[in-house]
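Working notes for the structure below.
The values are calculated or read from the model by the stated rules, or taken from the named source; none is laboratory data. Please read these numbers as outputs of a predicted model, since none were measured by experiment. Cβ: placed from backbone, ideal geometry, glycine included. Neighbour counts: every protein chain shown.
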Amino acid sequence: MTDKLIIFDTTLRDGEQSPGAAMTREKKIRIARQLEKLGVDVIEAGFAAASVGDFEAVKAVAETIKGSTVCSLARASENDVRRAGEAIQPAKSGRIHTFIATSPIHMQHKLRMSEDQVVERAVAAVKWALEYTDDVEFSAEDAVRSDMEFLVRIFDEVIKAGAKTLNVPDTVGYSIPAGWGERIKQLIQRVPNSDKVIWSTHCHNDLGLAVANSLSAVMNGARQVECTINGLGERAGNASLEEIVMAVKTRRDVFNLDTRIDTTQIVTTSKLVSSITGYPVQPNKAIVGANAFAHESGIHQDGVLKHRETYEIMRAEDVGWNANKLTLGKLSGRNALRSRFTSLNIEFASEESFNAAFVRFKELADRKHEIFDEDLQALVSDEAIAQVDEYYRLTSLRAHCETGILPVARVVMSIGSQSHEAEMHGGGPVDATFKAIEKIVHSGTELQLYSVNNITSGTDAQGEVTVRLAKGGRIVNGQGADTDIVVASAKAYLNALNKLHGNAERAHPQV
Ligand code: KIV
Ligand code: ZN
């Protein structure tokens, strides 16, 4: 007999709390569709009360997704819970996830509330949530540093109030596996009626132990794990979904648990999340890193060739490597492109937007021989950017590099309806381009990160550039893709400036 492990994905909520990773409604829908295809049980689509845009994004995901439960986070306040309830209303299956901090340090300094007040508020929040759905989850934020007696008391009260899932978060990534497992075990033993609810865990990776702690919780009775694709999330991130799922699957002898995950969708999902958020995956990352199944040393290669299992505990194809073969090329027509987009879950709002994507596809195919799924994903992201009524737009760019001569770039761009141009020297063509843009816009931003990744292999691959800019406490990631990385860089810089220009004030749930 096996038991079921519920996979609760919070890429669109906790993952979105990574610096600059805020996602638009359209981007959330694209990721949510892929998460549904991956087979996650619960998609935490966002924090509906954060802003009007966040509310609309959660609602849009709730309207779109049929195969997974769609959840919104809500602080334990009436306004938050009601916003979450309204946002998940269209969902076939909707959940409200309400939380309040339970550790002395949080109650005293952040909430300025007594234990009694916290319990009262938690119970009230669960009851407000039940007016919208009977699927209510309660989290005791900073459970790792909370007093055990108090945790038992508050969990007992929220079960009585009607919560169905109790989440035990290691909010600050402080626990170690044995202690965390023990804490879950104690809670299950001591909280009355603990067998009537699902126990969940939510671990952060500050000490690099999020996956180990989550698995320890599972070994001690947790039956829901909260995790994110690529381990994205606040600070050092959350437990990574792909690592948890593959550990449970590969070591079924230990866990004896099933998930609903179609593991062959893992790599596609990882690439999509990386490309949309601008967070690259390190090559040596387990499961989804480019080296995860590469055998460098001669001895290993020899072993793998003789008998694969000498050095491989999982098969690359089981997690979706090699799935994205060559898709399209210069001679591919509209129907081939349309059907490829459909298989990638990409829908176009109108025939005009598909036509625009087709034109871009042809332009790309002229420069790049083979077009892969990742190129199509990037093309759609670029297309979405181009369709937004952009304030800053690149008209043309010329960059010149020659050994022994200082690189120079000339940028022509528009701000609103006005055209501007500037020429600047720089340490390299990208530096010169950014300086030329800044000579025009005087943005006053701080460049926090610049990174280039090749979307596919080969020297004709598109470079995907991420630029992180900060200004006045706001941080945004801009992205751009092109076979010319200087052009991709300019696009990414302007994309970040456009995001900063947009008026996107939003609340952070945990601050
Ligand atoms: O880390 C945390 O405690 C959270 C809660 C809101 C569940 O993200
Ligand atoms: Zn968290």
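Things to note:
- Residue check, LEU73 touching a strand residue (DSSP E or B) at 6+ places or on another chain (Cβ under 6 Å), closer than 19 Å to SER275 by Cβ and either at pLDDT 95 or above or part of a helix (DSSP H, G or I) (or both): no
- Condition check for GLY404: surrounded by 14 or more Cβ atoms within 10 Å (Cβ to Cβ) and either in contact with a Ser or Thr (Cβ under 9 Å, 6 or more places away or on another chain) or without any contact (Cβ under 8 Å) to a residue 24 or more places away in the chain (or both): no
- Qualifying position, being of a type in the set (Ser, Thr, Tyr), out of contact with any Ser or Thr (no Cβ under 7 Å at 6 or more places or on another chain) and under 30 Å from GLU182 (Cβ atoms), among SER72, SER139: SER139
- Within the range 106-135, being away from ligand 1 (no atom under 15 Å from the Cβ), hydrophobic (A, V, I, L, M, F, W, C) and in a helix (DSSP H, G or I) holds for VAL119, VAL123, ALA124, TRP128, LEU130.
- Of all the criteria given as (1) within 15 Å of ligand 2 (Cβ to nearest atom); (2) within 28 Å of ILE154 (Cβ to Cβ), the one not satisfied by ALA21 is (2).
- Scanning the range 91-105 turns up one or more residues that are assigned to a helix (DSSP H, G or I) and either of a type in the set (Asp, Glu) or more than 26 Å from the chain's Cα centre (by Cα) (or both).
- Residue among VAL118, VAL158, VAL152 that is crowded, with 24+ Cβ neighbours inside 10 Å and at pLDDT 95 or above: VAL158
- Flag if ALA32 is within 16 Å of ligand 2 (Cβ to nearest atom), within 19 Å of GLU63 (Cβ to Cβ) and buried (at least 20 other Cβ atoms within 10 Å of the Cβ): no
- Of all residues in the range 169-196, those being surrounded by 14 or more Cβ atoms within 10 Å (Cβ to Cβ) and either basic (Lys, Arg) or within 16 Å of ligand 1 (Cβ to nearest atom) (or both) number 13.
- Residues (among the small types (Gly, Ala, Ser) and farther than 23 Å from THR456 by Cα) located in the range 335-373: ALA349, SER350, SER353
- Figure legend. Inter-residue proximity from the range 285-302: first residues on the phi < 0 side of the Ramachandran plot and basic (Lys, Arg), second residues surrounded by 14 or more Cβ atoms within 10 Å (Cβ to Cβ) and at pLDDT 95 or above, beta-carbon distance below 9 Å, spacing 6+ or different chains. Indicated pairs: LYS285/ASN230; LYS285/GLY231; LYS285/SER240; LYS285/GLU242; LYS285/GLU243; LYS285/SER270.
- The criterion of at least 2 residues that are polar (S, T, N, Q) is met by the following helices (runs of 4 or more DSSP H) wholly inside the range 136-240: 177-190, 210-219.
- Residue match in the range 260-276 (condition: within 30 Å of GLY463 (Cα to Cα), assigned to a loop (DSSP other than H, G, I, E, B) and more than 13 Å from the chain's Cα centre (by Cα)): yes
- Restricting attention to the range 316-341, the residues being modelled with pLDDT under 85 and either touching a strand residue (DSSP E or B) at 6+ places or on another chain (Cβ under 9 Å) or surrounded by fewer than 14 Cβ atoms within 10 Å (Cβ to Cβ) (or both) number 4.
- Unique match (being within 14 Å of ligand 1 (Cβ to nearest atom), closer than 28 Å to VAL136 by Cβ, surrounded by fewer than 22 Cβ atoms within 10 Å (Cβ to Cβ) and touching a residue at least 60 places away in the same chain (Cβ under 8 Å)) among ARG260, ARG235, ARG223: ARG235
- Hey, ASP253 within 16 Å of ligand 2 (Cβ to nearest atom) and not hydroxyl-bearing (Ser, Thr, Tyr) or not: no
- Candidate set: the range 56-83, residues that are of a type outside the set (Gly, Ala, Ser) and in contact with a Gly (Cβ under 9 Å, 6 or more places away or on another chain); chosen: the one nearest to VAL126 (Cα to Cα): LEU73
- Pairs, first over 17 Å from ARG468 (Cβ atoms) and within 16 Å of ligand 1 (Cβ to nearest atom) in the range 12-33, second modelled with pLDDT of 95 or more and part of a loop (DSSP other than H, G, I, E, B), C-beta under 8 Å, six or more apart: ASP14/LEU232; ASP14/GLY233
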